[in-house]
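Inspection log for the structure reproduced underneath, given as structure tokens.
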Amino acid sequence: MPKINNELCMGCGKCLEICGFDAIDMVGGKAKGNKKCIACRMCAGHCPVGAITVKEIPDHQGAVEKWIHAYAKKHGFAVKEESVGRVAQGLLMNLKKHGAMYCPCRIVTGKKDIDEKSVCPCAYHKKEIEEDGECHCMLFTKYLCIDDPYDT
Ligand code: SF4
Ligand code: SF4
């Protein structure tokens, strides 16, 4: 489960929004991880105060791919299956190279205020899905016309 530094956490709720697995609860105004966590690490990059650490697991890409489906389901998007592996690989490459899971379809500029908006799920995806039918990475789409293999 994610380790959340209680002293740093300011209870903004961002990590709860990002997690597709309900693996974080809000207890007394502070985030608290639970055992549903699959260690995808998607929440950690979005904490504004760096309060979250998540253990490394061997199949990180598999966990990110599961998160893609869970996040889409939680927010009412569909997933373009042919993009899943490419995007997950790109996210892990950016984590290794740049220290965060920046969107692989955008340029990492080195400017914090710009780059933080590109951490997946990026600040732009909801508007793009709404206006263009899919996000810039062609990962999340508006139309529920694609089979989700994780939907049981
Ligand atoms: S994103 Fe960070 S500060 Fe916000 S609730 Fe989660 S742990 Fe706390
Ligand atoms: S690491 Fe992934 S599954 Fe675990 S709490 Fe964060 S977003 Fe949820």
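Here, each number is a calculation from the coordinates, and none is a lab measurement. Just so it is clear, the structure is predicted and the values come from calculations on it, not from any experiment. Here the Cβ is made from the backbone with ideal geometry for all residues, glycine too, and neighbour counts use every protein chain on show.
In segment 7-28, which residues are farther than 30 Å from Q89 by Cβ and near ligand 1 (Cβ under 9 Å from one of its atoms)? Within segment 7-28, L8, C9, M10, G11, M26 meet the criteria. Looking across segment 106-123, the residues that are surrounded by 10 or more Cβ atoms within 10 Å (Cβ to Cβ) and farther than 17 Å from C43 by Cα come down to R106, I107, V108, T109, I114. Among the residues examined, C43 qualifies as in contact with a Cys (Cβ under 6 Å, 6 or more places away or on another chain), under 23 Å from I129 (Cα atoms) and within 16 Å of ligand 1 (Cβ to nearest atom). Summed over segment 93-120, the residues that are in contact with an Asp or Glu (Cβ under 9 Å, 6 or more places away or on another chain), in a loop (DSSP other than H, G, I, E, B) and touching a residue at least 12 places away in the same chain (Cβ under 8 Å) give a count of 3. Only residues that are in a loop (DSSP other than H, G, I, E, B) and touching a helix residue (DSSP H, G or I) at 6+ places or on another chain (Cβ under 6 Å) were counted across segment 4-29, and they come to 2. Checked against (1) touching a helix residue (DSSP H, G or I) at 6+ places or on another chain (Cβ under 6 Å); (2) part of a helix (DSSP H, G or I), E130 passes all but a single condition, namely (1). If the condition is being within 11 Å of ligand 1 (Cβ to nearest atom) and in contact (Cβ under 8 Å) with a residue 24 or more places away in the chain, then segment 29-40 contributes K30, A31, K32, G33.
Results for (1) away from ligand 2 (no atom under 14 Å from the Cβ); (2) more than 26 Å from H136 (Cα to Cα), shown as yes or no for each residue.
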site	(1), (2)
C12	yes, yes
I18	no, no
F21	no, no
H46	no, no
G62	no, no
W67	no, no
S83	yes, no
P104	yes, no
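Being surrounded by 13 or more Cβ atoms within 10 Å (Cβ to Cβ) and in a strand (DSSP E or B) holds for only one residue in K32, K74, K66, and it is K32.
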